[in-house]
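Notes for the one structure printed next.
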Amino acid sequence: MAVTTGSGSQAADASAAKDTSKLGITLSNSYAGNTWRQQMVKVFQAAADEAIGKHIIAKSKVVNADASAPQQSSQIENMILEGWNAIVIDAASPSAINGSIEDACKQGITVVVFDSLATAPCAYQVAYDYVEAGRLPARFIADQLHGKGNVLVVRGLPGTQVDEDEYKGQMEIFGKFPDIKIVGTVNGNWTESIANKEVSGILPSLPKIDAVVGQGGDSVGTYQAFKAAGRPIPVITIGTRQEELALWKDLDQSTPGGYATVASSSVPGVSSIAFWVAQQILAGRQMPHVINVSLLEISKPDLDTWLKVTPVGAVATPVYSRDWTAKLIDSVVDHTPAPASPGPQDAK
């Protein structure tokens, strides 16, 4: 299936050329309490503003719940009454908002879930493999420790599918190494201040820590907790926030022989993929039920490049266009390799 390019292009499938210029797409976001989620919302708004400016859609809005599934369900029910054509959702729970999603689908509303997924069968999914996202840093730590040592686990936001999947992946890897001991577990909520508080609270009760595995958005707070406690800095896996990448560079420069870690994460720009997937469905595009997206992995040779294009307080992320998203959809349909992700030069 070919994909045309250029201003206002659609996939070659003629059914994807239906006029969406009078339709509306809204975002239901479960949580906006960290920089990743805040940037994700901004990227969604930027994609929507572009689409409105080009008369691709008519309107959009964003509604945030306070990490509350009941609140998010209520907000989705309001969106149904308001007559939105598509609802894009970063879910508070894999199952607790399914009833509201099903209500939306029954009203003919397109529902696209992404990042933290809900499991309602009628919703399209823009999905990361978060189990693999948990395996990746755990494999790195197992290799660094040569299969033996004490590990502290910093989990994400309780109750979300992302946290559950990443933890599952981590435990799957560590379960293969009987001499790796999980000596403590806290929830950092993907937020540096919370990670700092929780790690500081548990450290006095813990033995020597050889490594800390997190989920991103927690490594700086974790590092600060160890430093304040006067304890040796262990191997700490990191995400892709600017402050995390800057910490890696500082540790690498100040540690004899350098500081080895791994940086990987989902990216806030995934909201632009979810937006364009919703628009393409409204335009009549035949859509796979699940569209998988690759994680961003940053290696040491690329660290400086990503730091240059990631402002303080931001998260390293490409932003995905409608044309790129159409190519991604084609790759899923045709079982061909996904298009190369935009690189640092396309970061925002």
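The values are calculated or read from the model by the stated rules, or taken from the named source; none is laboratory data. Keep in mind that this is a model prediction, so the values were computed, not measured. Backbone-built Cβ (ideal geometry, glycine too); neighbour counts: all protein chains shown. Areas reflect the complete protein model, heavy atoms only, side chains present, ligands, DNA and RNA absent. Shrake-Rupley method; radii C 1.70, N 1.55, O 1.52, S 1.80 Å.
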Derived scalar couplings ³J(HN,Hα) [segment 164-174; Karplus, 6.51 cos²θ - 1.76 cosθ + 1.60; whole Hz; x for Gly, Pro]: 4, 5, 5, 4, 4, x, 5, 5, 4, 6, 5
Go through segment 244-250 residue by residue and turn each phi into a ³J(HN,Hα) via Karplus (6.51, -1.76, 1.60, θ = phi - 60°); whole Hz please, and just put x for glycine and proline. 6, 5, 5, 4, 4, 4, 4
Could you state the accessible area per residue of segment 9-97 in Å², with a 1.4 Å probe and every protein chain left in place? 41 Å²
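Any idea what diffusion coefficient segment 142-214 gets from Stokes-Einstein, in µm²/s, Kirkwood Rh on alpha carbon pairs, 10 °C, 1.306 mPa s?
Values: Rh = 12.6 Å.
For these conditions, the coefficient is 126 µm²/s.
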Give me the lysines in straight-line cross-link reach of K300: C-alpha distance below 17 Å, same-chain residues under 8 apart excluded. K249, K308
Non-local amide H neighbours of N187 (under 5 Å, H modeled in plane, Pro and chain starts lacking H): which ones? R155
Cross-link partners of K59 among lysines (Cα-Cα below 20 Å; sequence separation of 8 or more within a chain): K18, K22, K42
Table column - 3J(HN,Hα) (Hz), segment 251-260, Karplus curve with 6.51, -1.76, 1.60, x for Gly and Pro: 5, 5, 7, 9, 9, x, x, x, 10, 8
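Calculate the dipole size of segment 203-342 relative to its Cα centre from +1 charges on Lys and Arg beta carbons and -1 charges on Asp and Glu beta carbons; express the result in debye to the nearest 20.
It comes to approximately 180 debye.
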Full-extension gain between K106 and V63, please, as 0.36 nm times their residue separation minus the C-alpha to C-alpha distance. 13.4 nm
Indicate, rounded to the nearest 5 percent, the antiparallel portion of the DSSP beta bridges found entirely in segment 153-297. 20 percent
Can you list residues whose amide H is under 5 Å from N292's amide H, if they're 5+ apart or on another chain and H is modeled 1.01 Å from N? A127
Counting only other residues whose beta carbon sits under 12 Å from that of A104, what net charge do I get with K and R as +1, D and E as -1? -3
Long-range HN-HN contacts of I180 with modeled amide H, under 5 Å: G149
The chain: antiparallel bridges as % of DSSP beta bridges, rounded to 5, reads 15 percent
Whole-percent carbon and sulfur share, accessible surface of the chain, 1.4 Å: 52 percent
Per residue, accessible area of segment 192-348 with a 1.4 Å probe, heavy atoms of protein chains only, in Å², comes to 40 Å²
Project the alpha carbons of the chain onto their principal axes and report the range along each, largest first, in whole Å. 61, 40, 35
